[in-house]
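In what follows, a structure is listed as C-alpha cells, so that the remarks can point back to it.
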Amino acid sequence: MNISEITGQRRPIGYWIKHLHGLVEGSLDGLLAGQGLTRRHWQVLNVIATDSPTLADLDTVLAPFLDDRQPSLRPLADDLSERGWLEGEERLTLTTAGIQAHEELRRQVNADRARLTEGIGAEEYLATIDVLTRMSANLAGPMEPTKPTANIGNIA
C-alpha cells in the first residue's frame, strides 16, 4: 500500500511541493515586481543584510536557487549596486539607501509570509519542516548535503 492509498490523497507530495513552490515564487515576484525586483533580488539583499559576503559566497549560500539559466547572482548584485543599494569590491554591504530598501521590502515580505502561514501553528510549521528535511535526507545521494549550508529560512 502506498501513501496515497493510506491518506486518501489523490495528489502525491511532489505535486503539493511543486504547486506551493510556484505559488510562493509567484506571490513574492508579484510583490516585488512593482519595483522591478525578483525573489532572487530579495534573497541577495537579505543575505547581504545579515552578512558581508563576496560574490562567490552569495552563489554558495544561494546555490539551491541557481540553475543553467541563472548560474550566478552577479547580474542581480550588479543591478542592486546600480540602484545604489550595494557597495564593496571584495565584500558586499548595503548602503544607507540599501538598508532602507531592505527594511521596507522586509516588512512586505513578512506580511506575505504571514499570509502563507495563516492558520498554521508554530508546532505544525516546525513539524512540516522536520518531515520535509527527513524526506530530503531519505532521497539525497551520499555526496549531496541534506541540510542547507546557511540558514536560508529568512531568504525565501
_I want to confirm something. Restricting to region 39-70 and keeping residues that are surrounded by 17 or more Cβ atoms within 10 Å (Cβ to Cβ) and among the polar types (S, T, N, Q), which single residue is farthest from residue 107 (Cα to Cα)?_
43
*Would you call residue 79 within 14 Å of the chain's Cα centre (by Cα) and either surrounded by 12 or more Cβ atoms within 10 Å (Cβ to Cβ) or of a type in the set (Gly, Ala, Ser) (or both)?*
no
_Output for region 60-97, where each listed residue is in contact with a helix residue (DSSP H, G or I) (Cβ under 8 Å, 6 or more places away or on another chain) and in a helix (DSSP H, G or I)_ = 61, 65, 74, 76, 77, 79, 80
*For residue 30, state whether it is surrounded by fewer than 16 Cβ atoms within 10 Å (Cβ to Cβ) and in a loop (DSSP other than H, G, I, E, B).*
no
*Within region 135-145, can you find the residues that are surrounded by 11 or more Cβ atoms within 10 Å (Cβ to Cβ), farther than 23 Å from residue 53 by Cβ and either at pLDDT below 90 or among the charged types (D, E, K, R) (or both)?*
140
*Looking at region 58-77, is at least one residue of a type in the set (S, T, N, Q) and closer than 22 Å to residue 139 by Cα?*
yes
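The values are calculated or read from the model by the stated rules, or taken from the named source; none is laboratory data. Quick caveat, the model's predicted, so the values are computed rather than measured. Don't worry about glycine lacking a Cβ; one is built from the backbone with ideal geometry, like all the others, and counts go over all protein chains shown.
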